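The values are calculated or read from the model by the stated rules, or taken from the named source; none is laboratory data. Remember, predicted model here, so these are calculated numbers, not experimental data. Methodologically, a virtual Cβ is constructed for each residue, glycine included, from the backbone with ideal geometry; neighbour enumeration extends over all protein chains shown. Just so you know, the surface numbers come from the protein's heavy atoms only, side chains and all, with ligands and any DNA or RNA stripped out. Shrake-Rupley method; radii C 1.70, N 1.55, O 1.52, S 1.80 Å.
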Amino acid sequence: ARPAAVTPKPHPTRPVTNLAAAILDATGGFGSGVGAPSLWITVPVDDMSAGKRAKGITMQYADGYEMWVALKRMVGSNADIGVALEVGSTLPSEEAVARWLAEPVKIVILTTSAFIKNRNGFPVLSKGHQALFHMLFTIRPFIAISGRPVQITNTAEGIKQYVQYMG
């Protein structure tokens, strides 16, 4: 397997033009470099504008998919570029998830905010998040957990609980 670098999430209020230029520079344009790592662009699965319009913040893109499509138009089709889909506590609609199933989603980054505590205090996914993952597993992405353990005092033990749950 080729190494991959995961980019930070693009800023939702700015165009992705600079990121597109950096990607083209890193990947050598439209050709894939031998031995060069793949680039996986972190994109949120949910509506990025939720709550922002009410505060008067102008968003460049309504959601992560719109951002990804704009970026993809700028860099063209390139096997070296994939999606690192970030899933948080907010669930997207089934239609929104279905759009991602046709895209090169290489990794799903599950933030710790997506977890809830069960009655024994262990982190689990809600039924909605479980259904989302069943849909996403059809494309066989890598899975990563990101963020600080919620309400767990021992960080090492907390991370272990999240990983055990996903395993």
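Observations on the model:
- Order by protection proxy (mean Cβ within 10 Å, highest first), peptides 134-144, 61-71: 61-71, 134-144
- Taking the 1.4 Å solvent-accessible surface of the range 64-103 as the whole, the part contributed by carbon and sulfur is 50%.
- Remark: spin-label model distance Arg2-Ser93 equals 3.5 nm, labels positioned 7 Å along the Cα→Cβ axis.
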